[in-house]
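First the structure, in the form of structure tokens, and then the observations on it.
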Amino acid sequence: LYLQARLSLQSIGALRSAREQLEAEALLTRAIELDTNFAAAHLERARVRLARFVSSHDTGDANLRGLQGDLTAARKMMGDSPPLLTSEAQYAQLVDFDSARAFDLLSRARAMNPNSSEVCLFLARHLSSTGKPAEALVLFERAANLDPANPVVVSDWAAALKMSRKARESLQISRDFANRYPGRITYGSRLFGFTGDLGQLEREMIGDVANAEDQLVAQFDLLRFSGRLDELARRLDESELTTVRQATTGGF
């Protein structure tokens, strides 16, 4: 159950919907019910709840209390371990807006395990968001070398290169990864962002999406960017949905 949740959250081919986040949380809750001392499951559920908070899918007090409870439970069982420190750093950065504490926690995690791709990734994200892009890029590359099949790492690295105006490098690593692992990264959205070419993005969007809302969200920007507004309006009407999530290609 734990591994199913981990794998489902690693996919970034499309935006993670509120439904997908809830499904992952339910898997982890079942894992914890089977083994209340499963520290990694508590930690992963905390990360899901944090993702729901920062994506605005659930900013309520109950979700935050659950997140805090999972972090507390994980700390009792895991102690000062790098995976826990990175999660506490994310909480400090994204909930409390305490960049100094986040950096301290990440630095401690890196001192304990400098060969952790996860630690390198989280520290790179932090450095990128606090105005240190050159240092961040070094760590993004190291994280990618340590975990070359992880789409989250490569996507973040490509985004950081884009923000640093390194267009050629950003496209190159995105294209190389997409060639090795088709469908696991939104290379089409990055190509469109640099060139205006929608062909690759449209090919990535082709597929069976059972949920009507997820299908509409996946197509929304594609139809908008290509000027097919009449088709977009028709799909909105045909969906009979009363609400549609606000989303955009790439997760921003």
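The values are calculated or read from the model by the stated rules, or taken from the named source; none is laboratory data. All of these numbers come straight from a predicted model, not from anything done at the bench. Cβ: placed from backbone, ideal geometry, glycine included. Neighbour counts: every protein chain shown. We work out accessible area using only protein heavy atoms, side chains counted, and drop any ligands, DNA or RNA first. Shrake-Rupley method; radii C 1.70, N 1.55, O 1.52, S 1.80 Å.
Along region 109-120 the Karplus relation, 6.51 cos²θ - 1.76 cosθ + 1.60 evaluated at θ = phi - 60°, assigns HN-Hα couplings of 5, 5, 5, 7, 8, x, 9, 8, 5, 5, 4, 4 Hz to successive residues, with x for each Gly and Pro. Counted by Cβ distance under 12 Å from Asp230, the other residues give a net charge of +2, where Lys and Arg count +1 and Asp and Glu count -1.
What is the mean projected area of the alpha carbon convex hull for region 76-133, to one decimal in square nanometres?
Working: hull surface 15.4 nm².
With every direction weighted equally, the projected area is 3.8 nm².
Each Lys or Arg adds one and each Asp or Glu takes one away; over the other residues whose Cβ falls under 13 Å from the Cβ of Ala178, this sums to +3. Every Cα-Cα pair in the chain was counted, and those over 28 Å apart are 38% of them. To the nearest 10, the accessible area of Ile185 is 10 Å² with a 1.4 Å probe.
Averaging over all projection directions, the Cα-based convex hull of region 114-213 occupies 7.3 nm² in the image plane. Taking the alpha-carbon centroid of each part, what is the distance from region 223-240 to region 121-192 in angstrom? Comparing the Cα centres of region 223-240 and region 121-192, I get a distance of 31 Å.
Between the Cα long axis of helix 18-34 and the first principal axis of the chain there is an angle of about 30°, rounded to the nearest 10.
Starting from the Kirkwood Rh over alpha-carbon pairs, what translational D in µm² s⁻¹ does region 46-105 have by Stokes-Einstein at 25 °C and 0.890 mPa s?
On the way: Rh = 11.6 Å.
Estimated via Stokes-Einstein, D reaches 212 µm²/s.
All other residues with a Cβ under 12 Å from the Cβ of Glu88 taken together, and with Lys, Arg as +1 and Asp, Glu as -1, what is their net charge? Kindly include the intermediate steps, with their values, before the conclusion.
On the way: positive: Arg47, Arg75, Arg101, Arg108; negative: Asp70, Asp80, Asp96, Asp98, Asp104.
Surrounding charge for Glu88 is -1.
Values of log10 I(q)/I(0) for region 113-172 across q = 0.26 Å⁻¹ run -1.04, by the Debye formula with one identical scatterer at each alpha carbon and no solvent.
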